[in-house]
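To start, the structure itself, in structure tokens.
The values are calculated or read from the model by the stated rules, or taken from the named source; none is laboratory data. Keep in mind it's a predicted model, so treat the numbers as computed, not measured. Positions of Cβ are generated from backbone atoms using ideal geometry, with glycine treated the same way; all protein chains shown enter the neighbour counts. The protein model used for the area step is the full one, side chains on, heavy atoms only, and it has no ligands, DNA or RNA in it. Shrake-Rupley method; radii C 1.70, N 1.55, O 1.52, S 1.80 Å.
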Amino acid sequence: MTAASLPDGLTLTVPSEARFEVILTPPALVFVAALARTFGPRVADVLQRRKDRQARLDNGEERLDFLVDTEAVRKGAWQVGKLPDDLLERRVEITGPVDRKMIINALNSGAHVFMADFEDSNTPTWENQLSGQVNLLDANERTIALESNGKQYKLNDRVAVLFVRPRGWHLFEKHVLLDGAPIPGALFDFGLYFFHNARVLLARNSGPYFYLPKMESHLEARLWNDVFVFAQEWLGVAKGTIKATCLIETLPAAFEMDEILYELRDHSAGLNCGRWDYIFSFIKKRCLDANAVLPDRAQVTMDKAFLKAYVELLIQTCHRRSVHAMGGMAAQIPIKDDAAANDVAMAKVRADKLREVQAGHDGTWVAHPGLVGLAHEIFSGHMKYVNQIDNKRLDVKVTREDLLRLHEGTRTEEGLRHNVRVGVQYLEAWLRGNGCVPIYNLMEDAATAEISRAQVWQWLHHGSSVESASGPFVLTRDRFLAIASEEMERVKHEVGEARFSSGKFAEAQALFEKLSTADRFEDFLTLSAYDVLVARGL
């Protein structure tokens, strides 16, 4: 690809590769450039609105609450648009990154939906983003195949319905510049996928379906809706062809669920409880509030306090609007070499999925093909029809105070040390290009790593008392850094000297410590980590 073949004002900061030319075609790049030129200023506006609102929350000038100006939307009797037939049943969904083997295995897993992820379970290197687009096009054209370690991988005759999660509004694609500035990663991911796959999917009686992450207000949903309308007009497909499920994974968004559905009503495929990012957001949005310090991550469970309230409100809101309320991810994965530990892990998954289906969810997420059968068994045993949208949950009355209620529990040294080990090991893998990592028999992605560093920052900033075997202590910067060094010695022992020395552990530890001890809470760890990748030419 030459500079002359690029749209006016668009430049690539990486060398062109022949294997990506099927994706980076001149017409596709013209479309992406049009998206960025049309909607880039509005992306900048919603990001500035986030900053301004956070400043008001930090200064006590605003409090989180249901919006007065949109009360009529919440009280209205409107419904979302009709769902296509292949989205009526979503009782088990599997998620994972966009690498070739994962896509084949997930589509073949027996799940109803596979969410292919360009976001939290993916490190956004140029290689990952572009090879992911190639893989998805091959999957939709039913030509995807792989030979690995002497084994052949190809699609079954019957596969899961495909959703794609682009990056959030806060992430930019720094390898593609428009008029010298990076374009929004969300528009890059969405634009390339939609342009190449929409007609292919429609020919298969499906459609371009998306999961939308990290939104903080209905104005951000309105922006996505306008992007969808623009894209459909560009390709000449009917309005409403695109369907999108919004992840409610920020605390402000929980107060605007009705409004988010309303803005996307022609394109809505419901809401999802993005539990791990939601916990992270709960910490972030209230980071300066000394009365909002959470206990150990393991004690912040879905059946209590603000998490229980958010689940109940999401289900009630979705069902009132006749659309799916999707459950979230249990982090456990099968444990092959320890039957007793595997039994414990599977019991936790079973309990989590039982809680979800009995609460009224229409489906749930798993991170591993080995959990599809278990989740399906539980939902099928308690959900008679393809969904339970008719369960309106009229008994639910969720208040502002419910959505802000803290979990009771303790802050412990072991919880602190676990956060350090998980956070650093995840960042180390992320810096090597892997955004979805099994650590201590849990599947960790960027969201769970965010909880780890956010809790450390919160405990440090507020001088929290931490319980330990030798008695309570106040967490200080020096104590934290000493603990971090000790835990890295433990990690070195666990992974082995050779693996530790050849990896990115020193770099990951330095970044984790910087974020955890910063004077101001940084919005996303992936922003700093991405700059490291770009500096390395990745």
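Of everything listed in (1) part of a loop (DSSP other than H, G, I, E, B); (2) open to solvent by less than 10 Å² (accessible area, probe 1.4 Å), the single unmet condition for His175 is (1). The set of residues from the stretch 331-347 being closer than 19 Å to Cys436 by Cβ and free of Cβ contacts under 8 Å to residues at least 40 places away in the same chain comprises Pro334, Lys336.
Restricting attention to the stretch 5-16, which residues are in contact (Cβ under 8 Å) with a residue 60 or more places away in the chain and surrounded by fewer than 18 Cβ atoms within 10 Å (Cβ to Cβ)?
Gly9, Thr11, Leu12, Thr13, Val14
If the condition is being within 20 Å of Gly433 (Cα to Cα), surrounded by fewer than 17 Cβ atoms within 10 Å (Cβ to Cβ) and free of Cβ contacts under 8 Å to residues at least 60 places away in the same chain, then the stretch 496-508 contributes Ala498, Arg499, Ser501, Ser502, Ala506. Residues in the stretch 372-403 that are aromatic (Phe, Trp, Tyr) and not in a helix (DSSP H, G or I): Tyr385 only.
Taking the criterion of being surrounded by fewer than 19 Cβ atoms within 10 Å (Cβ to Cβ) and in a loop (DSSP other than H, G, I, E, B), the residues of the stretch 420-463 that qualify are Arg432, Gly433, Asn434, Tyr440, Asn441, His462, Gly463. Residues of the stretch 320-359 that are of a type in the set (D, E, K, R), outside any helix (DSSP H, G or I) and touching a helix residue (DSSP H, G or I) at 6+ places or on another chain (Cβ under 8 Å): Arg321, Lys336. For the stretch 181-209, the set of residues classified as surrounded by fewer than 24 Cβ atoms within 10 Å (Cβ to Cβ) and under 19 Å from Gly537 (Cβ atoms) consists of Pro182 only. Identify all residues within the stretch 317-368 that are under 17 Å from Ala106 (Cβ atoms), open to solvent by 10 Å² or more (accessible area, probe 1.4 Å) and either at pLDDT 95 or above or of a type in the set (Val, Ile, Thr) (or both); write none if there are none. Across the stretch 317-368, the qualifying residues are Ile333, Trp365. Here the stretch 509-533 is the region considered, the condition is being in a loop (DSSP other than H, G, I, E, B) and touching a residue at least 24 places away in the same chain (Cβ under 8 Å), and the residue that is farthest from Ala449 (Cα to Cα) is Ala518. Figure legend. Inter-residue proximity from the stretch 140-164: first residues without any contact (Cβ under 8 Å) to a residue 12 or more places away in the chain and more than 24 Å from Trp365 (Cα to Cα), second residues open to solvent by less than 100 Å² (accessible area, probe 1.4 Å) and in a strand (DSSP E or B), beta-carbon distance below 9 Å, spacing 6+ or different chains. Indicated pairs: Glu147/Tyr153; Gln152/Ala145; Gln152/Leu146.
Number of residues in the stretch 277-296 that are closer than 23 Å to Met326 by Cβ and either modelled with pLDDT under 95 or polar (S, T, N, Q) (or both): the value is 1. For the stretch 265-295, the set of residues classified as assigned to a loop (DSSP other than H, G, I, E, B), touching a Leu at 6+ places or on another chain (Cβ under 8 Å) and surrounded by 21 or more Cβ atoms within 10 Å (Cβ to Cβ) consists of Gly274, Leu294, listed by residue number. Among the residues of this structure, Tyr385 does not count as one that is of a type in the set (Ser, Thr, Tyr), out of contact with any Phe, Trp or Tyr (no Cβ under 8 Å at 6 or more places or on another chain) and open to solvent by less than 10 Å² (accessible area, probe 1.4 Å).
Out of all the residues in the stretch 404-413, which are outside any loop (DSSP other than H, G, I, E, B) and out of contact with any strand residue (DSSP E or B) (no Cβ under 9 Å at 6 or more places or on another chain)?
Leu404 - this is the single residue of the stretch 404-413 that is outside any loop (DSSP other than H, G, I, E, B) and out of contact with any strand residue (DSSP E or B) (no Cβ under 9 Å at 6 or more places or on another chain).
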